[in-house]
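**Student:** Below you will find the structure I want to go over with you.
The values are calculated or read from the model by the stated rules, or taken from the named source; none is laboratory data. In this text, all values refer to a predicted model and were calculated from it rather than measured experimentally. Cβ atoms come from the backbone with ideal geometry, glycine included; neighbour counts cover every protein chain shown.
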């Protein structure tokens, strides 16, 4: 049952699962899987959700242990270095492998941070 998940992750998932278990029967409908995953910071596409539902044969409401298994199996977090590279690619518009000081100052100040010249 979710053996690859940390205690903190399991706790967060239990809290979210409980919020979506409206009738308190310990189960949620397969149609609620996407919004539940999104509430935990995931961003599965409709195609990914459909694939999970079909592959896992989710035709009826399922319980928390089943949800943990689904999360451990299908929602592997992307490594931080991959996320960082993707973010850098957005900033490196000319694909040079560098972001100039001027560009970085512009980016930082345009999101509300004021920089003083060094």
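**Student:** Filter region 1-13 down to the residues that are closer than 13 Å to residue 63 by Cα and either more than 16 Å from the chain's Cα centre (by Cα) or not assigned by TED's automatic domain parsing to the domain that holds residue 46 (or both) and list them by number. Don't jump to the end; show me each part of the working.
**Tutor:** So in region 1-13, the residues closer than 13 Å to residue 63 by Cα come out as 1-2, 13.
Once the filter is applied, which keeps residues that are closer than 13 Å to residue 63 by Cα and either more than 16 Å from the chain's Cα centre (by Cα) or not assigned by TED's automatic domain parsing to the domain that holds residue 46 (or both), region 1-13 yields 1, 2.
**Student:** Among the residues that make up region 74-81, is at least one of them in contact with a helix residue (DSSP H, G or I) (Cβ under 9 Å, 6 or more places away or on another chain) and surrounded by 11 or more Cβ atoms within 10 Å (Cβ to Cβ)?
**Tutor:** yes
**Student:** Ok, one more. Name the residue that is modelled with the highest pLDDT, counting only residues in region 30-61 that are out of contact with any helix residue (DSSP H, G or I) (no Cβ under 7 Å at 6 or more places or on another chain) and surrounded by 14 or more Cβ atoms within 10 Å (Cβ to Cβ).
**Tutor:** Among residues in region 30-61 that are out of contact with any helix residue (DSSP H, G or I) (no Cβ under 7 Å at 6 or more places or on another chain) and surrounded by 14 or more Cβ atoms within 10 Å (Cβ to Cβ), the one modelled with the highest pLDDT is 61.
**Student:** Now, a different point. Given the structure, is residue 24 over 19 Å from residue 4 (Cβ atoms), free of Cβ contacts under 8 Å to residues at least 12 places away in the same chain and exposed (fewer than 12 other Cβ atoms within 10 Å of the Cβ)?
**Tutor:** Taking the combined requirement at face value, the residue satisfies it.
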